[in-house]
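First the structure, in the form of structure tokens, and then the observations on it.
The values are calculated or read from the model by the stated rules, or taken from the named source; none is laboratory data. Keep in mind that what you see is a predicted model, and the values were worked out from it rather than measured. Reconstructed Cβ throughout: ideal geometry from the backbone, glycine too, with neighbour counts over all protein chains shown. Surface accessibility is based on the protein's heavy atoms, side chains included, excluding ligands, DNA and RNA. Shrake-Rupley method; radii C 1.70, N 1.55, O 1.52, S 1.80 Å.
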Amino acid sequence: MPLIQLDDPDTTLAMLRDSVAALAARADGPATVRRRRAAQGDLDAATWSALAEAGFLALTLPESMGGMGLGDSELTVLAEALGRSLLTEPFANLAVFPTTLLREIDASDAATGLAVDIGSGEAIVPVLWQDARGAAAPLPLSGDRLNGSAHLVPGAVSATGFLVLAEEGGDLALVHLAAGAEGMRVATRPGLDGAVLGQVTLHDTPAATVLARGAGVQAALDAAIATTRMALAAELAGLAARALEITVDYTSNRVQFGKSIASFQAIQHRLVDMWAEAEFACSACANAAIAPAGERAQAILAAKARAGDSATSITRKAIQLHGAMGFTDQCDIGLYLKRAITLNATLGQPEELRLAFLTADRAA
């Protein structure tokens, strides 16, 4: 079955896959999704703690920040394994995004300490930087006061603090706020995949800790977006491949007219189409993971677009091939579709990413 294939001379990638598989066997992704949805929670504390204990939250942080100092290949394999296991905790948004921001800004004791806490699971620190349409929208910073609203915030209820992308006098700044700071209000709504998304509003909130200012913040934001997209693409590729496996197993065992429906030519054609889509997604993610620095940004755009299209297409076809059962909430395949739609919409739909790819290609 499709798998992101990368060179693994020291078996680090194989060990990562095995570690996630062991964690997934204990966590039971589909059951966790349903339990979190019923509780209207934004993440499962036990699963998040398990990810932290395994070192996954600090995977790409340097050792000076309490991390493992690993790179794109390891992040890709880890995210793929999370997708295959349907471990839907917001790993990319709550681990990859903030730690990359903190890693890329100028080093300081405050940034290092916060990164260590995020990596260890002691701190949950979403980033406030998007408007309701998912576009970058820095919050106004006047003097030492922050105002405005940030949308699409994962983990807003469980957060111990927030990183705020702010703007003052045309310059960007990165500010750390404690949860429950003066003038902060958090509203929530259910997400499609069972998690809760937040809207965080600030009214004359004191900017207690400014971690960085100036051009370096934009560079750090660009790096965080790119690396998070890479993780999202790999997670999409993983859940697409697993949805295909589930469907192959179901159609092989579903008997109609005295034989399995997988023996029917029309079903075989559909399964082959799904397999090809999954393979293309895995290949695009592998290309992004090993792309040289000058080609990395475009390779990530291509991988996220391809994996998003593949995952949503495969999971929709999987539901159809499950028949009427596929449309029921009790059938796990529907959870894969909802997760695929959610991740596909995060940090850019495929059409948007392809336009960005073409723009970058013409500028090169």
HN-Hα couplings for the stretch 284-294 via Karplus (6.51, -1.76, 1.60; θ = phi - 60°), in whole Hz with x for Gly/Pro, come out as 5, 5, 5, 4, 5, 5, 10, 5, x, 3, x
Only helices counted: for the chain, with every DSSP H run of 4 or more residues adding -39500 (n - 2.57) and the sum spread over all residues, [θ] at 222 nm is -17500 deg cm²/dmol
Under a 1.4 Å probe, counting only protein heavy atoms, Thr60 has an accessible area in Å², nearest 10, of 20
With 0.36 nm assigned to each residue of separation and the Cα-Cα distance removed, His269 to Thr160 gains 34.3 nm
Taking 287-298, 262-273, 84-95 and ranking on average Cβ neighbours within 10 Å, highest first, one gets 84-95, 287-298, 262-273
Taking Cα atoms, the helix 350-363 axis meets the longest principal axis of the chain at an angle in degrees (rounded to 10) of 60
To the nearest 20 debye, the chain has a Cα-centred charge dipole, built from +1 on Lys and Arg Cβ and -1 on Asp and Glu Cβ, of 1400
For Leu139, other-chain or 5+-apart residues with amide H closer than 5 Å (H placed, Pro excluded) are Leu165, Ala166, Glu167
Over all directions, the stretch 157-243 yields a Cα convex hull whose mean projected area in nm² is 7.3
Measuring from the longest principal axis of the C-alpha atoms of the chain, the long axis of helix 72-84 (C-alpha) lies at a number of degrees, nearest 10, equal to 60
Long-range alpha-carbon pairs in the stretch 127-197, meaning those over 17 Å apart, account in percent for 42
Shape descriptor, the stretch 202-256: equivalent ellipsoid semi-axes (Cα gyration tensor, sqrt 5λ, whole Å, largest first) stand at 46, 15, 6
Rounded to the nearest Å, the spacing of the alpha-carbon centers of the stretch 147-164 and the stretch 1-17 is 34
Straight-line reach check, Lys259, cutoff 29 Å on alpha carbons, 8 or more apart in-chain or any other chain, hits among lysines -> Lys317
For the chain, the longest principal axis of the Cα atoms and the Cα long axis of helix 333-345 enclose an angle in degrees, to the nearest 10, of 40
With the 8 Å Cα cutoff and a minimum separation of six or more residues, the chain has a relative contact order in percent of 17
Mean separation of Cα contacts under 8 Å (at least 6 apart) over the residue count of the stretch 213-344, i.e. the relative contact order in percent, is 32
Ordering His203, His151 by the accessible surface of their heavy atoms, 1.4 Å probe, largest first, yields His203, His151
From the Cα centre of the stretch 284-360 to that of the stretch 179-252, the distance in Å is 16
Unit-weight point scatterers at every alpha-carbon of the stretch 1-108, Debye formula, q = 0.15 1/Å: log10 I(q)/I(0) is -0.66
Using the Kirkwood formula on alpha carbons, the hydrodynamic radius of the chain in angstrom works out to 20.9
With every protein chain kept in place and a 1.4 Å probe, the chain has an accessible area per residue in Å² of 43
A 1.4 Å probe over the protein heavy atoms gives the chain a carbon and sulfur accessible-area percentage of 53
Using the Kirkwood formula on alpha carbons, the hydrodynamic radius of the stretch 232-335 in angstrom works out to 14.4
By the Cα gyration tensor axes a ≥ b ≥ c (a/c under 1.5 gives rounded; else a/b larger than b/c gives prolate, otherwise oblate), the shape of the stretch 93-154 is oblate
